[in-house]
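The values are calculated or read from the model by the stated rules, or taken from the named source; none is laboratory data. Remember, predicted model here, so these are calculated numbers, not experimental data. Cβ atoms come from the backbone with ideal geometry, glycine included; neighbour counts cover every protein chain shown. Just so you know, the surface numbers come from the protein's heavy atoms only, side chains and all, with ligands and any DNA or RNA stripped out. Shrake-Rupley method; radii C 1.70, N 1.55, O 1.52, S 1.80 Å.
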Amino acid sequence: LTFLLNNNEKYGEVENTGPAAEWEKTAFIDVLESYRSQLANDPNYPMVFSYMAERSVPDQISLETSENEFVVFISYAMMFLYISIALGKFPHPLKSRFFLGLMGIIIVILSICVSIGVCSYFRIKLTLICTEVAPFLVLAIGVDNMFIIAKAFDRRVHGSIEERLGMAMKDAGPSITGAALSEVLTFLVGAATKSP
């Protein structure tokens, strides 16, 4: 059976979908779930049925997001631990670069918050990819740059800190800039597609 509703939903633009979503929840999904549980417990009716509604995908995304919050938190903690150990000389108290790793994680979290704010301002709907996959992609890019700059800085042993940092940026800057430009172009090509 197919029930067609006048939804008027377009990409990035939602016009009063509340009543349709509420009808799907109360008159459709809740009723089918009650029948499904009754049939599952009755051996005389070995019938299995499934259903799909427009709100099924957003409901599943919100369920997956809420279930994976702990996994995402643990993943960030593991990434932070890895950065802190691998960037410096662990467990040296001054050369472990613990705060460099912490600042890298904080910058990624802030950039994700800004991107969510920009998407909300332009009424662009967020998906599971935006909230769970994109932060790790941004973190991987940022961690890569932190490692490049830190290793270039460690290779310079003579001069003041400012001179060593300047020479490290002279060595690492062009490759970081080229990689950043290619990443921006890649995301622009992705943004040009019609995928939500």
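Annotations
- Per the listing 106, 148, 161, the residue uniquely surrounded by 15 or more Cβ atoms within 10 Å (Cβ to Cβ) and aliphatic (A, V, I, L, M) is 148.
- Any chance residue 125 is open to solvent by 80 Å² or more (accessible area, probe 1.4 Å) and under 17 Å from the mean Cα position of the chain (by Cα): yes
- Residues being among the aromatic types (Phe, Trp, Tyr) and over 21 Å from residue 66 (Cα atoms) are entirely absent from the range 128-145.
- From the options 44, 7, residue that is at pLDDT 75 or above, farther than 30 Å from residue 143 by Cβ and outside any helix (DSSP H, G or I): 44
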